[in-house]
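Structure first, then comments.
The values are calculated or read from the model by the stated rules, or taken from the named source; none is laboratory data. Because the structure is a prediction, the values reported are computed rather than measured. In this analysis, Cβ positions are derived from the backbone assuming ideal geometry, glycine residues included, and neighbour counts consider all displayed protein chains.
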Amino acid sequence: MRMEKTLLRSFISTTKLEFMPTNLKITLVSQSRRESVDFDNLPFGQVFSDHMFTADFDGEKWTNFEIKPLENLSVHPGNLAWHYGQAIFEGMKASKSITGTPLLFRPEMHIQRLNASATRMCMPEFPEDMFIQAVNTIVDLEKKWIPEEAGSALYIRPFMIAMDEALGVRPSALYKFMIICLPVGPYYSKPVSLKAETTYVRAVEGGVGEAKTAGNYAGSLYPARLAKQEGFDQIMWLDAKEFKYIQEVGTMNIFFVLKDRIITPSTTGTILKGITRDTFIQVLRDKGYMVEERRITIDEIYEAFANGELLEVFGSGTAAVMAKVKRISYKGKEIELDPDSYKIGPSLKAHIEGLRNQTIEDNKGWVIPVQSLETIS
Ligand code: COI
């Protein structure tokens, strides 16, 4: 499956960031696995495309930029990421326009958030322009892996891990940055039920809740398992001090549609700064809705429900896009909603999908056409 063709591609700086131009080595698979994949049945996270991007941080600089056939890594048992958790990631999507052009969505937001996560986790930043070009190049190579069905996309997973081979609680000197790609269908295929968690916490002010770091997800697994045993799909996290303020769902940010406004928790360090969240807020404001980003108590939501003012609850995320919430449970008190009546959540989903296939005009510069490698020999 290897070494059919090796190309060298020059990275050319496209932004004001300064870095030494360097070479990207490209090794293509001799035979793609694409034809053996059932694109009508794409469970999220199970199917990987042919290639991956890798780069190494040697203690001083990023080096060894390479796209090569997807393969296992050989990692020392003393790898610091495994023991002390220096591991961060992003989730972004590539789609195709109705005329077949591969498109990226707000890629610069993802590298900025990755670098914010890197800073919090004491890891090196990855240069923005290298990131954009690496994503562009791998998506161009994998364009036949971009599903065309509505609600499907090529999920792009950039991530960085520590690579020092030594034990000791200290920042690694060495790191690996990688990009893998997965054709995916919808993350949630049905409306979800949420348990407002009153025993376990996800994040506290001053912690790492805002970083997209592996440990945040690991810490959610046990409470999520208990919630599943009680019949819920996901947890709605509350603040860690009073169990009063709503944070996020763990896989998504959350929105509440009231009669006269739409509210979503403010990003005060304990929740992920969702890019879909930001997109929804901007789209809603442009359409004339009043959107408030603020602290929201769980009691306020129950009160709005009791008064008939809570019209919709939905989550937002790159993977989930928009997921309707059908039920919330808090200390045994239930909110049952009618997802079939939702209008705003589905209109946001349709809007983002319209931007992603260029049937809706992008007046914000969010949609970035992938540049073809064919121009480079
Ligand atoms: C994403 O929305 O891309 C995420 O990283 C969430 C993850 C649970 C799939």
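For segment 72-84, state whether one or more residues are outside any loop (DSSP other than H, G, I, E, B) and within 16 Å of the ligand (Cβ to nearest atom). No, there is no match, as no residue in segment 72-84 is outside any loop (DSSP other than H, G, I, E, B) and within 16 Å of the ligand (Cβ to nearest atom). Which one of the conditions (1) touching a helix residue (DSSP H, G or I) at 6+ places or on another chain (Cβ under 7 Å); (2) in a helix (DSSP H, G or I); (3) surrounded by fewer than 18 Cβ atoms within 10 Å (Cβ to Cβ) does residue 351 fail to meet, given that it meets all the rest? All conditions pass for residue 351, except number (3). Against the list (1) under 16 Å from residue 257 (Cβ atoms); (2) more than 16 Å from the ligand (Cβ to nearest atom); (3) touching a strand residue (DSSP E or B) at 6+ places or on another chain (Cβ under 8 Å), the condition residue 288 fails is (3). Would you check if residue 253 is within 16 Å of the ligand (Cβ to nearest atom), polar (S, T, N, Q) and surrounded by fewer than 23 Cβ atoms within 10 Å (Cβ to Cβ)? Here the answer is no, as residue 253 does not meet what is asked. One residue stands out in segment 92-115 among those that are polar (S, T, N, Q) and touching a strand residue (DSSP E or B) at 6+ places or on another chain (Cβ under 7 Å): the one that is surrounded by the most Cβ atoms within 10 Å (Cβ to Cβ), namely 95. Inside segment 211-250, residues that are in contact with a Gly (Cβ under 9 Å, 6 or more places away or on another chain), assigned to a loop (DSSP other than H, G, I, E, B) and more than 11 Å from the ligand (Cβ to nearest atom) make up a count of 3. Where residues in segment 292-330 are among the aromatic types (Phe, Trp, Tyr) and part of a helix (DSSP H, G or I), which of them is surrounded by the most Cβ atoms within 10 Å (Cβ to Cβ)? Per the stated criteria, the residue is 305.
Among the residues here, residue 208 qualifies as assigned to a loop (DSSP other than H, G, I, E, B), under 20 Å from the mean Cα position of the chain (by Cα) and not small (Gly, Ala, Ser).
Condition check: modelled with pLDDT under 95 and more than 30 Å from residue 206 (Cβ to Cβ). Does residue 149 satisfy that? For residue 149, the condition - modelled with pLDDT under 95 and more than 30 Å from residue 206 (Cβ to Cβ) - is met. Among the candidates 118, 150, 166, the residue that is buried (at least 16 other Cβ atoms within 10 Å of the Cβ) and either closer than 30 Å to residue 245 by Cβ or in contact (Cβ under 8 Å) with a residue 24 or more places away in the chain (or both) is uniquely 118.
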